[in-house]
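Here's the structure we're looking at; comments come further down.
The values are calculated or read from the model by the stated rules, or taken from the named source; none is laboratory data. Computed from a prediction, not measured in an experiment: that's the story for all the values here. When we count neighbours, we look across all protein chains shown, and the Cβ atoms used for this are built from the backbone with ideal geometry, even at glycine.
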Amino acid sequence: MSPEAQGRLLLKETAACLEKAGVQDSRREARDLIRQALAGSGVPPRGGDIPGDWNLGSTQREWLKDAIQKRVCGVPMAYIAGWTPFFNLELEISPAVLDPRPETEELAERVVASLTGAAPAWIVDVGCGSGCLGLAVASVFREAKLFAVDISSAALEVCRHNGVRWAAGRFAAWQGDLLGAVRRWPAGAGVVVANLPYVERGDAINGRLAANVLEHEPATALFPPVGEDVNALFGRFFRDVARLGVPQCGLWLEIGEGQGASLSALAGDSLGVAAGVGLDRAGRERFLFAGCVQKPANAGFTG
Ligand code: GLN
């Protein structure tokens with residue numbers, strides 16, 4: 001069999017394996033996995049078709065076998081590959097951070113759209129994980145300084161790698177509980193973005209959180225700390241922001257479906273400014289904003 005035919009066969013077999021395990025876009029993922037297996041031998045890890053004349057060595061075959069096994073068991077693709085595309089970036093990802101969600105990407109787009117004509121001097125990303133949200137916004141506002149904070153030191157390690165790659169010279173990250181360690185905002189107008197853990201622990205028990213998320217993604221990024229529920233955690237966050245003053249370019253958060261009314265009321269009470277709820281493309285309430293935010297002319301906003 002020619003190397004081309006062998007390659008096609010392996011691609012087909014890999015896709016069939018993934019499809020059988022219920023992976024949705026099995027052919028694309030099979031291509032991604034093979035491309036990743038080849039990454040050490042000059043094939044770029046993403047984009048376009050795999051060249052016709054590739055061949056996997058024995059180590060690469062072992063890697064691929066192991067990767068297929070993990071994927072079949074529900075491990076997110078980003079953890080297997082060690083990176084994911086996000087916004088216009090390529091981010092390092094490990095099981096210490098969430099696999100960035102499309103809605104988080106959408107939130108980054110909303111934040112950027114809201115800042116048209118008002119470039120922020122700084123961006124603070126609270127509960128930064130991989131840094132995806134803050135780095136996406138910072139990739140558009142290239143003069144802005146990015147400050148990222150997370151309670152998890154393992155997450156910060158990932159964030160620092162991404163910060164050095166995508167916001168070199170204007171990036172700082174530190175370990176902390178929300179904004180507890182911040183005494184004042186940096187100079188100038190800034191924006192705060194946050195994807196805090198907003199899944200109630202009860203939702204993991206009653207099956208409202210997908211089993212593979214619960215099994216593979218970091219609990220610290222999903223659930224409020226033990227002893228707090230979502231309202232308590234967000235209440236503490238809003239009080240932190242109120243102590244520092246609502247930032248001039250506003251405050252943006254990702255929230256869970258069904259949390260819009262309670263969290264916007266909580267934000268309004270703590271911050272003393274109106275808070276609004278933004279809908280994602282599927283029409284679900286997934287974003288919360290407060291402060292001097294210009295609402296884009298977009299029907300997906302309420303409040
Ligand atoms: N969107 C994630 C999920 O539903 C949760 C992320 C978070 O709590 N910040 O799996």
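Okay, here's what the table says:
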| item | result |
| --- | --- |
| Test for residue 35: is it at pLDDT below 90 and under 28 Å from residue 160 (Cβ atoms) | yes |
| Qualifying position, being out of contact with any Gly (no Cβ under 7 Å at 6 or more places or on another chain), within 16 Å of the ligand (Cβ to nearest atom), more than 26 Å from residue 190 (Cβ to Cβ) and polar (S, T, N, Q), among 104, 84, 59 | 84 |
| Criterion violated by residue 262 - all others in (1) over 30 Å from residue 119 (Cβ atoms); (2) away from the ligand (no atom under 13 Å from the Cβ); (3) in contact with a Gly (Cβ under 6 Å, 6 or more places away or on another chain) satisfied | (3) |
| Listing of helices (runs of 4 or more DSSP H) fully contained in the range 172-258 that carry 2 or more residues being modelled with pLDDT under 95 and within 16 Å of the ligand (Cβ to nearest atom) | 201-205, 211-216 |
| Filter result (outside any strand (DSSP E or B) and within 13 Å of the ligand (Cβ to nearest atom)) within the range 123-150 | 127, 128, 129, 130, 132, 133 |
| Within the range 182-220, considering residues that are within 17 Å of the chain's Cα centre (by Cα) and polar (S, T, N, Q), the one surrounded by the fewest Cβ atoms within 10 Å (Cβ to Cβ) | 212 |
| Every residue from the range 55-78 that is part of a helix (DSSP H, G or I) and surrounded by fewer than 20 Cβ atoms within 10 Å (Cβ to Cβ) | 58, 59, 60, 61, 62, 63, 64, 65, 66, 69, 70, 72 |
| In the range 86-118, residue farthest from the chain's Cα centre (by Cα) [restricted to those that are among the β-branched types (Val, Ile, Thr) and either assigned to a loop (DSSP other than H, G, I, E, B) or farther than 20 Å from residue 220 by Cα (or both)] | 116 |
